[in-house]
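Student: Input: one structure, supplied below.
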Amino acid sequence: MSLPHTIHGVESEPYQTYSAKQNWIPGQRMELPDGRIYRGALEDGNGLESCNLTQSEVQATFVGLAIQTALVVGDRSIKLTNATTFLALDEAKGGYVSVWTTGTPPVNGQTYRVWSNNLTESGGVTTATLQLWPGVTVKEAVTVASGKGSIVINPWRNIIVAPASTATGLYTGVTLVDVTASYYCWLQTRGVCGVVNDDGSGAFDPGDGITVSSALDTGAVENADPADFQLLGHAVNDAAQDDIGFVFLLID
């Protein structure tokens, strides 16, 4: 089945959760008629409360990996050494791979979406072969001697509740309903949305910049200085501590 780049959804769809794999890949974008935007996501196995901020899973480090086979213009796959942290079969599907030639600054930088990957493991295969998205090919040559590459897993695969204070991943959106462990769901990323206001922060006032909780509650937000934390949106109206406050989200 072929899906549009953006699904034009109906009002009831963001409240649905699914136990079975969907036709869309996590990260699929959906928009409602009033402009609210959502991203399809897969929960990581612990369950989530409604009106909570989420983030991407805490990812293993796949940064600055050696290139195993020189990249030639037109290649459909990229091979990187994967000898310290390892990939499950198709763990990188829907994620991204970036490659470059080292230098000050680096050159020949290019980033591609990953269609599939092989299994890598300690004592076994330690070369990750990343197949690029259909129709995409390598655009610039990169040598083994001076090339490097990095992998990032799809941020909407295995989402978790956002920790208080320090982010350990990318903020991915707000839950609208309770999400059962390992279910597929929709996260709101733009537009008016109810979010838990942390009990350690001040009340919301209209127009306040809203960021992640700096102290107490996982999944909560507060009206803190966005110079210190990522700006998530702006308060729509007044909201007391430990209430659900309306925020115009700007994550997406």
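Student: Quick one: would you say VAL144 is at pLDDT 95 or above, closer than 18 Å to GLN68 by Cα and buried (at least 19 other Cβ atoms within 10 Å of the Cβ)? Reasoning before the result, please.
Tutor: Numbers: at pLDDT 95 or above: yes; closer than 18 Å to GLN68 by Cα: yes; buried (at least 19 other Cβ atoms within 10 Å of the Cβ): no.
In short, no.
Student: Quick one: which of VAL58, VAL10 is of a type outside the set (Phe, Trp, Tyr) and more than 16 Å from the chain's Cα centre (by Cα)? Spell out the reasoning first.
Tutor: Numbers: VAL58 fails: more than 16 Å from the chain's Cα centre (by Cα).
Just a single option satisfies the conditions, and that option is VAL10.
Student: With respect to ALA145, determine if the residue is assigned by TED's automatic domain parsing to the domain that holds GLU91 and either more than 21 Å from GLY233 (Cβ to Cβ) or acidic (Asp, Glu) (or both). Give the derivation first.
Tutor: Values: assigned by TED's automatic domain parsing to the domain that holds GLU91: yes; either more than 21 Å from GLY233 (Cβ to Cβ) or acidic (Asp, Glu) (or both): yes.
In short, yes.
Student: The conditions are (1) touching a Lys or Arg at 6+ places or on another chain (Cβ under 8 Å); (2) in a loop (DSSP other than H, G, I, E, B), and ILE7 fails exactly one of them. Which is it?
Tutor: (2)
Student: Tell me yes or no: at least one residue of region 65-80 is out of contact with any helix residue (DSSP H, G or I) (no Cβ under 9 Å at 6 or more places or on another chain) and free of Cβ contacts under 8 Å to residues at least 40 places away in the same chain.
Tutor: The first filter runs over region 65-80 and keeps only residues out of contact with any helix residue (DSSP H, G or I) (no Cβ under 9 Å at 6 or more places or on another chain), leaving 65-80.
Those still in the list that are free of Cβ contacts under 8 Å to residues at least 40 places away in the same chain too: none.
No.
Student: Related question: Could you list, in sequence order, all residues of region 181-199 that are surrounded by 15 or more Cβ atoms within 10 Å (Cβ to Cβ) and in a loop (DSSP other than H, G, I, E, B)?
Tutor: TYR183, ASP198, ASP199, listed by residue number.
Student: Quick one: which of TRP115, TRP133, TRP100, TRP186 is in the same structural domain as TRP24 (by TED's automatic domain parsing), of a type in the set (Phe, Trp, Tyr), farther than 14 Å from PHE62 by Cβ and in contact with a strand residue (DSSP E or B) (Cβ under 8 Å, 6 or more places away or on another chain)?
Tutor: TRP186
The values are calculated or read from the model by the stated rules, or taken from the named source; none is laboratory data. The structure displayed is predicted, hence computed values, not measured ones. Here the Cβ is made from the backbone with ideal geometry for all residues, glycine too, and neighbour counts use every protein chain on show.
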